[in-house]
Amino acid sequence: MFSQRQITRGFITYVNTEVNSFNDEFKVDLISATKGWLPNQTIKIRETTALSSLENFLEGVVLWPNPAKNSFIIQLPNSDTKKVSIGLFDLQGRQVLKSFEASKTNTFTKEINVKNIAAGMYLLTIQQGNKKATKKIMVSK
């Protein structure tokens with residue numbers, strides 16, 4: 001048994017060493033602080049692109065502050081005129097925020113409001129064209 005605090009602090013991790021596309025899943029029992037529970041929940045992980053492919057990696061993505069309390073800022077070089085897709089996912093894979101943005105300057109900058117998002121660890125995906133980056137972001141209250 002492990003707690004959300006252990007997940008948030010990085011004590012519980014999932015590592016897959018595949019270098020090609022893969023599907024994986026595991027089962028967990030979720031127990032709330034009030035002892036309510038959802039038994040035998042399936043967590044599915046699917047990667048459809050080669051993990052070692054650097055040609056599809058979006059470089060130069062910076063975000064701050066991390067941990068974020070009310071908001072954080074994403075910044076990346078804007079060498080492409082395609083829109084930037086931003087997604088924020090909880091550790092169960094549920095999307096809690098989605099945004100499509102465009103920038104006409106050399107640097108794309110976007111402030112993300114997380115005031116109404118629960119504290120915890122999240123995965124932020126940033127995609128521009130066929131290039132993508134994923135970053136960890138901690139939301140604190």
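Computed from the coordinates by the stated procedures, all read-outs in this text should not be read as laboratory data. Keep in mind that what you see is a predicted model, and the values were worked out from it rather than measured. Glycine gets a Cβ as well: all are built from the backbone with ideal geometry, and neighbour counts include every protein chain shown.
Where the only charges are on Cβ atoms (+1 Lys, Arg; -1 Asp, Glu), what is the dipole of the range 53-141 about its Cα centre, to the nearest 20 debye?
240 debye
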When you count, for each residue, the other Cβ atoms within 10 Å and take the mean per peptide, how do 126-132, 114-120 rank with the highest first? 126-132, 114-120
Partner lysines whose C-alpha sits under 26 Å from that of K44, ignoring same-chain residues fewer than 8 away, are K27, K35, K98, K131, K132, K135, K136
Report the extension gain between V28 and N40 in nm, rounded to one decimal, defined as 0.36 nm multiplied by the number of residues separating them, less their alpha carbon distance. 3.8 nm
